[in-house]
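Below is one structure, written out as structure tokens, with a few remarks after it.
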């Protein structure tokens, strides 16, 4: 009788493998690190501080947009808005246009004593369009 000797398959060899505790700990650690790298790098995860900064920036931008819309509405509601718009469009640069908006008081929001330059800039951009 002839016995065939065959080579064990990969699955058969893996079935008998018993990793040591050190290997298991390192494998778990490396898996955790790989998960964090993938999550923060490509998955869109962020730290609490980054989330707060992003939310603050978004809320400030939204407030400026709203204030700019109020400024445009106040400008258009003025009784002499047509003449003022012609005068505004005749100004040569953005800086003078922003000064015109600030001097007219349209960029001064309720409860404030002075105009916000970023609101005046947004208002000037909207009126120029």
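All of the numbers you see were taken from the coordinates with simple rules; none came from a lab. These numbers were taken from a predicted model, which means no experiment stands behind them. Quick reminder, even Gly has a Cβ in these numbers, built from the backbone with ideal geometry, and neighbours come from all protein chains shown.
Below are the figures for this structure:
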quantity	calculated
Choice from 53, 74, 13 showing the highest fluctuation, given a GNM over the chain with Cα pairs closer than 10 Å	13
Label selected from (i) 2, 8, 8, 8, 7, 6, 5, 5, 5, 4, 4, 4, 5, 4, 4, 4, 4, 3, 3, 2, 2, 1, 1, 0, 0; (ii) 2, 9, 12, 11, 8, 6, 5, 5, 5, 5, 4, 4, 4, 4, 4, 4, 3, 2, 1, 1, 1, 0, 0; (iii) 2, 11, 20, 22, 18, 13, 9, 4, 1, 0, the criterion being P(r) over Cα pairs in 5 Å bins from 0, in percent as computed here	(ii)
Crossing angle, helix 48-77 versus the chain [Cα axis fit, 0-90 degrees, rounded to tens]	20
0 to 90° range, to nearest 10: angle between helix 94-104 axis and the chain longest Cα axis	60
Shape call, region 59-128: gyration tensor on alpha carbons, a/c limit 1.5	prolate
Calculated [θ] (222 nm, deg cm²/dmol) that DSSP helices of n ≥ 4 give over the chain, each run adding -39,500 (n - 2.57)	-23000 deg cm²/dmol
Stretch gain in nm, segment residue 31-residue 51, where the contour uses 0.36 nm per residue and the Cα spacing is subtracted	4.7 nm
The chain, relative contact order in percent, only Cα pairs under 8 angstrom and at least six apart counted	22
Spin-label pair residue 93/residue 76, simplified geometry with 7 Å Cα→Cβ offset, distance in nm	3.0
Potential lengthening between residue 128 and residue 23 on full extension [0.36 nm per residue; Cα-Cα distance subtracted]	31.1 nm
